[in-house]
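For reference, the structure is listed below as structure tokens.
The values are calculated or read from the model by the stated rules, or taken from the named source; none is laboratory data. The shown structure was predicted, so the numbers you read here are calculated from the model rather than taken from an experiment. Please note: Cβ atoms are built from the backbone with ideal geometry, for glycine as well, and neighbour counts cover all protein chains shown. For the accessible areas, the whole protein counts, side chains as well, though only heavy atoms, and no ligand, DNA or RNA atoms are used. Shrake-Rupley method; radii C 1.70, N 1.55, O 1.52, S 1.80 Å.
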Amino acid sequence: MKYHFNEIEAKWQKYWAENQTFKAENNSEKPKYYVLDMFPYPSGAGLHVGHPLGYIASDIYARYKRHQGFNVLHPQGYDSFGLPAEQYAIQTGQHPALTTEENIKTYRRQLDQIGFSFDWSREVRTSDPSYYKWTQWIFIQLFNSWYNDDSDKAEDISELIKIFTSEGNLKVNAVCDDTIELFSAEDWNSFDSKKQQQILLQYRLTYLAETEVNWCPALGTVLANDEIVNGVSERGGHPVIRKKMTQWSMRISAYAERLLQGLENIDWTDSLKESQRNWIGKSVGASIKFKVKSLKFKVEEPTTNNQQPTTIEVFTTRPDTIFGVSFMTLAPEHELVSEITTPEQKAEVDAYILATAKRSERDRMADVKTISGAFTGAYVEHPFTKQPIPVWIGDYVLAGYGTGAVMSVPCGDQRDYDFAKHFNIPIPNIFEGADISEEAFSDKDKTIIANSDFLNGLSYKEATKKIIQELEKLGQGQGKTNYRLRDAVFSRQRYWGEPFPVYYVNSMPQMIDAKHLPIRLPEVEKYLPTETGEPPLGNATVWAWDTKQCSVVSIQLIDNKTVFPLELNTMPGWAGSSWYFNRYMDAHNEHEFASKEALNYWKDVDLYIGGSEHATGHLLYSRFWQKFLFDKGLVLVDEYAKKLINQGMILGTSAFVYRLNSNDFIKPVLFSKCFIEKVIKEEKSYTEYEEYKKHEKSLFNNVKKNHGVSMISSTVKSDWKHFSPIHADVSFVNSSDELDIEAFKNWREEFKDAIFITEIDNTYKVGREVEKMSKSKYNVVNPDQICVDYGADSLRLYEMFLGPLEQYKPWNTAGITGVHSFLKKLWKLYVGEEGLNVTGEEPSKDSLKTLHKTIKKVAEDIENFSFNTSVSTFMIAVNELTAQKCTSKDILEPFLILISPYAPHIAEELWSQLGHNESISTAPFPKFDASYLVESSKNYPISFNGKMRFTLELPMDFNAKQIEEAVMAHEKTQEQLQGRTPNKVIIVPGKIVNIVG
RNA sequence: GCUCAAGUGGCGGAAUUGGUAGACGCGCCGGAUUCAAAAUCCGGUUCUUCGGAGUGUGGGUUCGAUUCCCACCUUGAGUACCA
């Protein structure tokens, strides 16, 4: 009986589906274990061999945990809202829901054929109304919450209203907009409803605000910072400009400190935690207020009735250097710029602002070295020396960070230093013993302050502490911690996303009552923005909220009395993926996003596997939402994933043909790899060069003869080095790098008549290079064909065998024959020509040893996520058992359980052939017994000065003295020593012998 | 620039606490089987001037270093005027 993998795999995939083998129950005697893969977006291209890598690893772990007696939750679903389906809809008119449905079908078929142990009964899709109902619901909870810094958690907005009603906002310690005005209870109660709503918006965890956004005109949408790469959109590479728009934002900044601290308690990779720390960007320093002088030496008289002079607030991490301030710099966008600029400087300042606004983010980044700025004509007063300090604007100061203003200390900050040099601003030195003639001195640890009044002689730490005290006394500053983390824009001008459960009364946003959710995505004629520049939902005809009927009605009924316009933006991609891991616990609950019982049972994800590209997007936002849900008592843990592993990317091995760049040939001329290599060698080796010249001659003669080219012009020869490598589809190339010329010719019209300059043996060899796997590089390898040719078990084993899970590694289909023939050997160990080979025979000592060392190694490997080494271990074990002619059921049966997480189909089949009626999936993992590994002797490596020269078999129970005697008496020892007496003999019993001297 | 990974045969990689470097597989070479091919099986495969040398380079610690320390080089990823 042969190993018919296709039949076996189809049979067991059907069995698992029909018997719901991997369905997880929400209550069980067994301990729980939750294994999760990062949410896939079902793209139209389907899976390539790189995608399942993480899924295979998590599947092995999930199956292993079932063998260990855990109740395993291993779900899968789709992050099915997103831009590609929408862009396809724009191009073809096909509804994104249809495209998405088809893509999901393809994905599902591909996933099923690899034999994953997913519990498909819990599948979720973010674009399904029964799912996004709860995304909308969470949005409403965020809207109805504010962040109380005193209790350090989110609280209900009704609590805040109570405080406002009874005592105003003077004592409220909340995370809110910076521009909040102070009011008393009387003020609050006298405000009209609109004003009250405006104020509350400044506190809510999701709020509507005019924000400067990254607007991409080509896509007609706003992009998040992490969707922009090098100043252009990540998708499509379109230019991005800055624009002010009214947008929903998420007050993630409220959670900055907790998101940072939370990293200490989770077992995620260090590089990922580091990225999140950088992204949160905590810096400790002080905020300092500088009073603006209208005239050069006089503080401006208060003009408003609140009796406060205009001040500029700065954030600095070096308040200790305050006596080194020689100018102030504001971002050109700073709101005080127009107010403080003097009439004489107005023209210059306006021109500068205009120039910087025109420059795209990309331009600004491209030339960081160009120093530019303008003097406003205004001065501020130094809080201690009372000296005037000129105020400049410069685009090296970012409006979005800190207060958008810096106190410039050129002696201590390189950018301030460069700016001062460029504009001839004085650079006072306030550091003892520091040389600032060439560059700024920014070493905090070596700082000793000088020329700074009461700070003289102090270190950075001492001076910082002292100056903050002094600033507080003056009421002009305090210690402050700043975070780089910005509030996240939550509006997208797109169609294919979650609609907001929001309508507008008197231009103020109102939440639709949760009981009317979901608010379904309306139908539209076109998926583009409207002619007036509104988002695609502006095309919807039935998109207004009737507050009487509590339903979505035609926009023609809008009267702004009982029928109001609905929000036209949709939510971003990260909305649905920020909480899906909780939904899997209770995927079909219609009354709650998940029941208390389910949440209490599963609690959190024990193992989360996915790509590191989500480090600062999904993985930060989802932690934020989880913390919010935790504050509201809706989930039981504030970090949802205990352990997270990043799988590395599988890279493609691209194939290249080399086209000669010459106009002398009408047809493309493609050169085989050997010529290219010779060209490279040309400069290196004379003999090679001569040989190559001979080649060249016969080559061109050949070209002339076969292709009727009568002349080779001299330009061709001078252009000889100029080849263009062109990607060839890897499916035309065999394992010896030979190109299927006919297939290549038929591939694309332009190559139909191409002239191929082959190797001497008439084969055409392609060049190879490792690159990211992508359609455009024609190096994508599809798992479907591999499953047909070698089977899913081979694919699973091979993906693991390639190398460590976390590493980047190139795919090479040729190598799969190794694991495939291993599976055939495994099969043969159990099944012979006439049927099953397995007997009730007593196992041999050697076979027991093989089994138990395999149990030990495989268990350790899985615990350490070292799946590649397990595959080697299986190979070794099968080689050994075959050599031992092992037929014993006592060995072969437990061995199947070991391999079942990796190659589940073959394991199930052989398991059933051994007479089991139940699936192998929950068979208990074999127990390791160390007694089978005890050796009676050890083959000692005998080293001389650390170099191993020979080995010597000695009894295990020899002590150091006996070993030494045996070694010294050995003839090879004497041979090595050549009469010398060793200085020292190091003996580690059971390990090594090292003779020194 | 900064942060984080990683550098081992022709290739993917192994060596878990410092103790026989190159396991396992691919590829390649030789052989068996076959009319032939595929498949299968067996043997070999770091380099070598056959003394040895050897884990990116140069130092160091140690009886002993792929493993620990210092400096540097290269590659990849992330981030970037963050005050």
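If you check residue A:87 against the conditions, is it modelled with pLDDT under 95, out of contact with any Lys or Arg (no Cβ under 6 Å at 6 or more places or on another chain) and outside any helix (DSSP H, G or I)? For residue A:87, the condition - modelled with pLDDT under 95, out of contact with any Lys or Arg (no Cβ under 6 Å at 6 or more places or on another chain) and outside any helix (DSSP H, G or I) - is not met. Can you tell me which residue is farthest from RNA strand B (Cβ to nearest atom) among those in the stretch A:899-916 that are over 17 Å from residue A:839 (Cβ atoms), in contact (Cβ under 8 Å) with a residue 24 or more places away in the chain and assigned to a helix (DSSP H, G or I)? That would be A:908.
For the stretch A:547-570, filtering for residues that are within 20 Å of residue A:208 (Cβ to Cβ) and in contact with a Pro (Cβ under 8 Å, 6 or more places away or on another chain) leaves 6.
Restricting attention to the stretch A:963-984, the residues that are outside any helix (DSSP H, G or I) and more than 9 Å from RNA strand B (Cβ to nearest atom) add up to 6.
Within the stretch A:39-84, the set of residues being at pLDDT 95 or above, open to solvent by 30 Å² or more (accessible area, probe 1.4 Å) and assigned to a helix (DSSP H, G or I) is empty.
Among residues of the stretch A:321-345 that are in the same structural domain as residue A:394 (by TED's automatic domain parsing) and more than 14 Å from RNA strand B (Cβ to nearest atom), those with a Cβ under 8 angstrom from a residue that is in a strand (DSSP E or B) and aromatic (Phe, Trp, Tyr), sequence gap 6+ or separate chain, pair up as A:345/A:375.
When A:966, A:903 are checked against the criterion of being surrounded by 14 or more Cβ atoms within 10 Å (Cβ to Cβ) and either under 48 Å from the mean Cα position of the chain (by Cα) or of a type in the set (S, T, N, Q) (or both), a single residue qualifies: A:903. Scanning the stretch A:377-410 for residues that are in contact with a strand residue (DSSP E or B) (Cβ under 9 Å, 6 or more places away or on another chain), in a loop (DSSP other than H, G, I, E, B) and within 12 Å of RNA strand B (Cβ to nearest atom) yields A:394, A:396, A:397, A:399, A:400, A:401, A:402, A:403, A:404, A:409, A:410. If only residues of the stretch A:421-432 that are farther than 21 Å from residue A:444 by Cα and in contact (Cβ under 8 Å) with a residue 40 or more places away in the chain are counted, the one that is farthest from RNA strand B (Cβ to nearest atom) is A:426. Here the stretch A:539-570 is the region considered, the condition is being in a loop (DSSP other than H, G, I, E, B) and touching a Lys or Arg at 6+ places or on another chain (Cβ under 7 Å), and the residue that is most open to solvent (accessible area, probe 1.4 Å) is A:562.
Residues to consider are A:94, A:87, A:110; find the one that is under 25 Å from the mean Cα position of the chain (by Cα) and without any contact (Cβ under 8 Å) to a residue 12 or more places away in the chain.
Details: A:94 fails: under 25 Å from the mean Cα position of the chain (by Cα); A:110 fails: without any contact (Cβ under 8 Å) to a residue 12 or more places away in the chain.
Matching residue, one of A:94, A:87, A:110: A:87.
Residues that are among the charged types (D, E, K, R), within 27 Å of residue A:501 (Cβ to Cβ) and open to solvent by less than 50 Å² (accessible area, probe 1.4 Å) within the stretch A:107-159 comprise A:122, A:123, A:133, A:155, listed in sequence order. Restricting the stretch A:662-679 to residues that are open to solvent by 40 Å² or more (accessible area, probe 1.4 Å) and either among the aromatic types (Phe, Trp, Tyr) or within 40 Å of the chain's Cα centre (by Cα) (or both) leaves a set whose member that is modelled with the highest pLDDT is A:673.
Tallying residues that are open to solvent by 50 Å² or more (accessible area, probe 1.4 Å), modelled with pLDDT under 75 and of a type in the set (D, E, K, R) within the stretch A:711-752 yields 2.
How about the stretch A:609-618: which of its residues are more than 10 Å from residue A:577 (Cβ to Cβ) and either among the hydrophobic types (A, V, I, L, M, F, W, C) or within 9 Å of RNA strand B (Cβ to nearest atom) (or both)?
Those that are more than 10 Å from residue A:577 (Cβ to Cβ) and either among the hydrophobic types (A, V, I, L, M, F, W, C) or within 9 Å of RNA strand B (Cβ to nearest atom) (or both): A:609, A:612, A:613, A:615, A:616.
Summed over the stretch A:936-951, the residues that are touching a residue at least 24 places away in the same chain (Cβ under 8 Å) and outside any strand (DSSP E or B) give a count of 2. Kindly evaluate residue A:926 against the criterion of being away from RNA strand B (no atom under 12 Å from the Cβ), open to solvent by less than 30 Å² (accessible area, probe 1.4 Å) and within 55 Å of the chain's Cα centre (by Cα). Yes; evaluated as a whole, the condition is true for this residue. Answer with yes or no whether residue A:97 is in a helix (DSSP H, G or I) and open to solvent by 20 Å² or more (accessible area, probe 1.4 Å). Yes.
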